[in-house]
Every structure is written in C-alpha cells, then in structure tokens.
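This report concerns only the one structure given below.
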Amino acid sequence: MFNQIQKARCKIAKIHSKLLVVCPPYKKWHSFRFAKAVHVGVLFLGVLLAMAGVLGYAKGTLSPSVNMEKLFYFTNAAREEANLSDLQLDPILSQIADQKSQDMIARGYFGHLDPDGQNVWQKVNNSGYKYLEVGENLAKNIDSEEEIVRAWLDSAEHRENLLNSEFKDVGIGVAKGDFQGSETTLVVEIYGAKE
C-alpha cells in the first residue's frame with residue numbers, strides 16, 4: 001500500500017530541459033499510512049553515481065564520466081554555502097547507491113521504485129543503517145558534477161533534500177552502460193540521518 005501511495009504522490013518536473021521525478025521523503029518513525037512529507041526522498045532523472053573507490057563497478061558497465069569524489073565535493077560545497085555541515089560518506093549508503101545505479105542500468109528502469117516494487121527506504125531499512133530520515137536524488141545523462149548539483153539546487157524538492165540540515169551522511173553511486181538502447185550515465189545520491 002505504501003508503494004501505491006508513494007507513487008501517486010510523485011511529481012514530474014522539467015528543469016533546464018532535464019526531466020526530474022520527485023517523490024516525497026520518508027521518516028522512519030512515521031507509519032506508512034500517516035507518513036509526512038519531510039522533503040527527503042527525491043528522485044532526479046539524470047545520472048546515478050557509482051562508488052568507484054569503495055565498491056567498484058558491475059561487470060559489463062563502462063567507466064562512468066561522472067567522478068564520485070567531485071560530486072561529493074560539489075554536494076558539500078553547496079551545503080557550506082548554505083551554512084550547513086558537510087555530509088560524511090557512509091559505506092552502507094554508498095553500497096546501496098552503487099547497487100541501485102548498477103541495477104537500473106542492468107534492468108533498464110529509472111525511478112525510486114525498482115521493478116520488484118522496492119524503494120530506497122526499504123533497501124536502507126534492510127541494510128543495517130539505522131536511520132531517522134532518508135532521501136534520494138537521481139540524475140541521468142549529466143556529465144558534469146557541478147551541473148548535477150546545480151540542477152538539484154534549481155529544483156525545490158531536490159534542493160530541500162540536498163540542503164536538509166537533518167542529513168549527516170551520504171552514499172553516492174554512478175553507473176554507465178547501455179540503458180534502453182543508448183549509452184547512459186546514471187547517478188544516485190542517498191542521504192541519511194542516523195538514529
């Protein structure tokens with residue numbers, strides 16, 4: 001039932017000719033039925049980041065043109081400009097982001113829900129990362145780390161996710177490969193606040 005409610009509340013927006021899908025956030029301590037929108041869970045159709053240094057890439061994918069370390073830098077630079085603390089790279093969130101970016105390439109989907117109906121909140125919940133709040137930004141085919149962050153800042157919902165003062169951790173995944181018949185770079189940033 002939560003997946004149907006979540007899917008129904010998603011919005012599609014076009015910012016700077018980039019298609020964005022934005023879904024409301026999820027706080028763990030809210031029940032699914034009464035979950036409040038807390039500007040966390042956001043999906044940006046664009047580029048899903050892969051954890052090059054931490055996890056490596058799945059077989060069959062090409063080397064991504066988006067550099068995870070540069071994206072991490074520009075993410076924190078945007079937070080510093082807003083007088084927020086830097087996010088820390090979390091290995092659990094990074095593994096989930098990497099797996100999701102690889103899975104989207106392999107199974108040809110782009111969105112918060114995978115073909116099995118699982119969302120990022122469920123994956124984080126099953127990972128051992130104990131959280132109060134979690135969110136997600138996605139991007140597709142934006143090859144500049146600075147442009148990815150700028151596009152997220154230009155979208156109100158993505159900006160709220162990126163600049164959420166509750167978030168302390170981030171995981172980044174980037175994958176490049178054949179996506180629905182064309183070479184594509186997908187980026188995932190998953191944000192978290194531990195219990």
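Against the list (1) among the aliphatic types (A, V, I, L, M); (2) within 17 Å of I190 (Cα to Cα); (3) at pLDDT 90 or above; (4) open to solvent by 20 Å² or more (accessible area, probe 1.4 Å), the condition L55 fails is (3). Does S144 count as under 16 Å from A77 (Cβ atoms) and either surrounded by fewer than 24 Cβ atoms within 10 Å (Cβ to Cβ) or modelled with pLDDT of 95 or more (or both)? Considered against the rule, which asks whether it is under 16 Å from A77 (Cβ atoms) and either surrounded by fewer than 24 Cβ atoms within 10 Å (Cβ to Cβ) or modelled with pLDDT of 95 or more (or both), S144 comes out as yes.
Any idea which residue in the range 81-121 is nearest to G171 (Cα to Cα), counting only those that are open to solvent by less than 40 Å² (accessible area, probe 1.4 Å), of a type in the set (S, T, N, Q) and not in a loop (DSSP other than H, G, I, E, B)? Checked the range 81-121; the qualifying residue nearest to G171 (Cα to Cα) is S94. Checking every residue in the range 156-163 against the condition of being more than 18 Å from M68 (Cα to Cα), outside any helix (DSSP H, G or I) and open to solvent by 20 Å² or more (accessible area, probe 1.4 Å) gives at least one match.
Checked against the criterion of being assigned to a helix (DSSP H, G or I) and in contact (Cβ under 8 Å) with a residue 24 or more places away in the chain, the range 167-174 contains not a single residue that satisfies it. The selection criterion, being open to solvent by 60 Å² or more (accessible area, probe 1.4 Å), out of contact with any Cys (no Cβ under 8 Å at 6 or more places or on another chain) and at pLDDT 95 or above, holds for K70.
The values are calculated or read from the model by the stated rules, or taken from the named source; none is laboratory data. What you see is a predicted model, and the numbers here were worked out from it, not measured in a lab. Reconstructed Cβ throughout: ideal geometry from the backbone, glycine too, with neighbour counts over all protein chains shown. Keep in mind that these areas ignore ligands, DNA and RNA; they rest on the heavy atoms of the full protein, side chains included. Shrake-Rupley method; radii C 1.70, N 1.55, O 1.52, S 1.80 Å.
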